[in-house]
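Engineer: So that we are looking at the same thing, I have put the structure below in C-alpha cells.
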Amino acid sequence: MRDETLSIHAGYEADPVTKAVAVPIYQTVAYEFDSADHGAALFNLETPGNIYTRLSNPTTAVLEKRIAALEGGVEALCVGSGMAAIHYAIVNIAEAGHNIVSTPQLYGATWTLFEHFLRKQGIDVRFAASDSIADIQALIDENTRAVYCESIGNPGGNIADIEALADCAHKNGVPLIVDNTIATPILLKPIRFGADIVVHSLTKFVGGHGTTMGGAVVDSGNFPWERHAQRFSMLTQPEPAYHGVVYTQQYGRAAYAARCRTVCQRNTGSVLAPLSAFLLLQGAETLALRVERHLENTAKVVAFLDNHPQVAWCDSIGRKGTPGHALAKKYLGGQGGPFLTFGVKGGFEEGKRFYDALKLFKRLVNIGDAKSLACHPASTTHRQLTPEELERTGVKPEMIRLCIGIEHIDDIIEDLDQALAATGDASQPMARAPQLRLAASRG
Ligand SMILES: Cc1ncc(COP(=O)(O)O)c(C=O)c1O
C-alpha cells in the first residue's frame, strides 16, 4: 500500500476481543503468564508475547509496525526520544575500542552525544572533514562499526548522498545509519538507497503537534551481519546479556532490532510510554498530508524572503544553484524540505529584533509542529559548541531557522513581514513592496 494508507492502517487490525477500531492504549506494566512453562518460553524468546513493558507493549508495537512499514524496514523499536534511538542504534553494534565515522553537519545534541558522551564510553566518533566519500573513507579502519549521517541535516539543511555513503560503508563491511527525522519517510526512504539502519525523532513531524517525545530505530534487515561475523560478534555469537541467544540465528533478518530491544532497551530502559505511542500514532495518520502542506508553505516563504530587502541571505533545502539541488532531485523528488534558514541584514542584533517581533511564529527549540516555529540555533540548540565547532556543524551566529507550519500561508507571511519591518534603521523607511507578499502567497 501507499504511504497515505500505511500511515493510517499499518500494524493494526481491529482488536479481536473488543473490536476497537482506534488503537487501544495498553496502560500496563506486566502481562500474565498462562503457566510457569509459558513464562519460561517467553523469557527464552521461544514463544512470541509480552513479558514487561520495558521490553514490549501492544500499543507501542502498532507504532513500531507502522514506522517499519513506512520506512520499508523489517522491524522497528520505538523508544522514549530521538536521542535514545540514536544512542541505541550505535551502542547496539559498537563497544569500547570501536569507532564510528560520521558526516560533520549534525543536530546539536547528536553532535554532543558523539563528541563528548560516547567518547567517554570508549567509542571514538570520527567526524569527517566533509560529506565527501573520500573524507569518510579516510577515517574508516578495522575498528569502525558504522557510518552515520542525517538524510537532511538539522539545522544545516544539507542533504546526504545516501547511496554513495551506503556503498562506501558496505565496501568496508559496516552498515550505514541514517537519521531520517527531517525528511520523514514521506519525502525520503533511506533504505531504498542502501541505508541499513534508520533512526527517527518521532517527537517532530511524525507526532506533528509538539505534544509527545519519542524515537525509533528501524532495521532494514538487509545488512549481512554473518558475513562480517567477527566484527559484529554481538549479533553472531552467544549474547551473555540475554542468556546466550545468538541473534542472527534466532531472529534472522531482524537480528539487529531484536538485540536493540532485548539488550539496549531492556538494560537501560528508555521506554516509550503507551500513551505516547498512542499520541504518535494519531500524528502518523496525517503525516503525508501535513508534510505536503509544510513543503508547499515553505516554498512560498522562501519566495517571499528571497525578495525582501531586509533579508541578507536565505538558504532552503535543495535550492537551485546549491550543491544540494542535484541531491534534492535524486533523494527528495525535486522538492525542498520543511524548514529554511536565513539571516536578517544587520547581523546578530537585527536578527534578535526580528525574532522578538514575531507574533504568530513561536520562539522555541523545536521543529515538526503544525505551528510555525522559529529558532536561533547559535544561542539555543548549538550554544554549547565553540565557534570552530559551530563552523564545522554549519551554524552561522546570525542564522535563524524557520520551520513553517500548516497555518494559512497569508497569515504566515504577514507575520514575517511585520517582524522584518521592525528591523533596520527606523529613519530609513523600508523599501518593502507589498506585492511581494501577494506574489509569494500565490506561489
Ligand atoms: C535530526 C534530529 N535527530 C534527533 C533529534 C533528537 O530527538 P529528540 O528530541 O526526540 O530526542 C532531533 C531533535 O530535534 C533532530 O532534529
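Engineer: Could you check how much of the accessible area of the range 288-441 is carbon and sulfur, as a whole percent, using a 1.4 Å probe?
Structural biologist: 53 percent
Engineer: Still on this structure, I have one more. Provide the gained length on full extension for the span residue 30 to residue 384, in nm with one decimal, where the gain is 0.36 nm per separating residue minus the Cα-Cα distance.
Structural biologist: Numbers: separation 354, 0.36 × 354 = 127.44 nm, distance 4.04 nm.
Separation in residues times 0.36 nm, less the Cα-Cα distance, equals 123.4 nm.
Engineer: Mind checking the full-extension length gain between residue 45 and residue 8? Use 0.36 nm per residue of separation minus the Cα-Cα distance, one decimal, nm. Provide the component values of the computation, followed by the final result.
Structural biologist: Values: separation 37, 0.36 × 37 = 13.32 nm, distance 3.01 nm.
Difference between extended and current length: 10.3 nm.
Engineer: Looking only at 259, 227, 319, which one moves most when the chain is put into a Gaussian network model with springs between Cα atoms under 10 Å?
Structural biologist: Answer for the Gaussian network model of the chain: 227.
Engineer: Between helix 287-306 and the chain, what is the angle of the helix's C-alpha long axis to the longest principal axis, kept within 0 to 90° and rounded to the nearest 10?
Structural biologist: Approximately 30 degrees, to the nearest ten.
Engineer: At a Cα cut-off below 17 Å, give the lysines reachable from residue 362, other chains included and same-chain residues fewer than 8 away excluded.
Structural biologist: 204, 352, 371
Engineer: I want to verify a result. In a Gaussian network model of the chain, Cα cutoff 10 Å, which of these has the top mean-square fluctuation: 84, 22, 160?
Structural biologist: In this elastic network of the chain, the residue with the biggest mean-square fluctuation among 84, 22, 160 is 22.
Engineer: Hey, any idea what % of the range 61-140's accessible area is carbon plus sulfur with a 1.4 Å probe?
Structural biologist: Details: 1460 of 2590 Å².
Ligands and nucleic acids excluded, carbon and sulfur give 56 percent.
Engineer: Still on this model: Express in nm, to one decimal, how much length is gained between residue 366 and residue 37 on full extension, taking 0.36 nm for each residue of separation and deducting their alpha carbon distance.
Structural biologist: Details: separation 329, 0.36 × 329 = 118.44 nm, distance 4.78 nm.
Length gained between residue 366 and residue 37: 113.7 nm.
Engineer: Apply the Karplus curve 6.51 cos²θ - 1.76 cosθ + 1.60, θ = phi - 60°, to the phi angles in the range 44-51 and return the couplings in whole Hz, x for Gly and Pro.
Structural biologist: Those phi angles translate into 7, 6, 8, 10, x, x, 9, 10 Hz.
Engineer: Which whole-number value in Å² is the accessible area per residue of the range 3-283, probe 1.4 Å?
Structural biologist: Details: 10730 Å² over 281 residues.
Dividing the accessible area of the range 3-283 by its residue count gives 38 Å².
Engineer: What does the helix-only formula give at 222 nm for the chain: each DSSP H stretch with n ≥ 4 adding -39500 (n - 2.57), the total divided by the residues, and the result rounded to the nearest 500 deg cm²/dmol?
Structural biologist: On the way: 18 runs with 156 residues, N = 443.
The per-residue figure over the chain is -10000 deg cm²/dmol.
Engineer: How large is the Kirkwood hydrodynamic radius of the range 221-376, in angstrom, based on all distinct alpha carbon pairs?
Structural biologist: It works out to 20.0 Å.
Engineer: Additional query: Could you check which residue among 352, 189, 204 shows the biggest mean-square fluctuation in a GNM of the chain with a 10 Å Cα cutoff?
Structural biologist: Result: 352 has the largest fluctuation of those listed.
Engineer: Under 19 Å from a point placed 7 Å out from the Cα of residue 249 along the Cα-to-Cβ direction: which residues of the range 21-62 have their backbone N that close?
Structural biologist: 41-48
Engineer: Right, next: Between residue 192 and residue 21, how high is the FRET efficiency from 1/(1 + (r/R0)^6) when r is the Cβ-Cβ distance and R₀ = 25 Å? Nearest 0.05. Please report the intermediate quantities before stating the final value.
Structural biologist: Details: r = 31 Å, r/R0 = 1.26.
According to the calculation, E is roughly 0.20.
Engineer: Label residue 307 and residue 163 with points 7 Å out from Cα along Cα→Cβ: what is the distance between them in nm?
Structural biologist: Result: 3.6 nm between the two label points.
The values are calculated or read from the model by the stated rules, or taken from the named source; none is laboratory data. Just so you know, these numbers come straight off a predicted model, no measurement behind them. Using ideal geometry, Cβ is built from the backbone for each residue, glycine included, and neighbour counts are taken over all protein chains shown. Just so you know, the surface numbers come from the protein's heavy atoms only, side chains and all, with ligands and any DNA or RNA stripped out. Shrake-Rupley method; radii C 1.70, N 1.55, O 1.52, S 1.80 Å.
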